[in-house]
Each structure stands twice: as C-alpha cells, then as structure tokens.
Amino acid sequence: MAKVVDYYVERTAARLLHSLKGSGGTIPLHRIQFSNTIIQHLLDKKQAQIKNTGHGFLLAVVEKF
C-alpha cells in the first residue's frame with residue numbers, strides 16, 4: 001500500500017522548522033502556535049527533538065553533521 005502524503009502537514013512542518021532555525025534553533029514548547037500534529041511530524045522525521053531544561057521544555061532542531 002502506498003503511503004499517503006499530506007502536503008498541508010509537510011508545508012506547515014517546513015514553516016515551523018524554518019522558524020526554529022531562524023530563532024537560534026530552539027523555541028519554548030509552550031510558545032509554539034502550531035498543532036501537535038505538526039510538531040509530532042517533525043519529531044517522527046527526526047528533524048526536531050524535545051529537550052527538558054528543568055524549567056520547561058524546548059523544541060530544538062536536530063543538528064546534523
């Protein structure tokens with residue numbers, strides 16, 4: 001069975017990733033105005049990760065070397 005691609009989710013996730021990169025690579029999770037589906041899409045594709053700072057959670061771009 002072919003995998004169904006949701007282009008809306010792809011485009012919106014790309015916008016969030018671009019926003020993350022523009023803000024230094026991290027954004028506090030409580031300040032993100034995107035849906036959980038979009039955030040989960042980036043996590044599933046291993047393009048972002050959640051970091052626990054002890055005072056809250058950050059969504060961070062995964063550094064690829």
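Might you tell me the accessible area per residue for the chain, computed with a 1.4 Å probe and given in Å²?
79 Å²
Ratio to report: Rg/Rh of the chain, with Cα atoms as the point set and Rh obtained by the Kirkwood method; give two decimals.
Using Cα coordinates only, the ratio equals 1.00.
Only helical DSSP H runs with n ≥ 4 go in: add -39500 (n - 2.57) per run for the chain, normalise by residue count and round the 222 nm mean residue ellipticity to 500 deg cm²/dmol.
-12000 deg cm²/dmol
How do the peptides 35-41, 11-17 rank, highest first, by the average count of neighbouring beta carbon atoms within 10 Å per residue?
Final packing ranking: 11-17, 35-41.
The values are calculated or read from the model by the stated rules, or taken from the named source; none is laboratory data. Quick caveat, the model's predicted, so the values are computed rather than measured. In this analysis, Cβ positions are derived from the backbone assuming ideal geometry, glycine residues included, and neighbour counts consider all displayed protein chains. All accessible areas refer to the heavy atoms of the entire protein, side chains included, with ligands and DNA or RNA removed. Shrake-Rupley method; radii C 1.70, N 1.55, O 1.52, S 1.80 Å.
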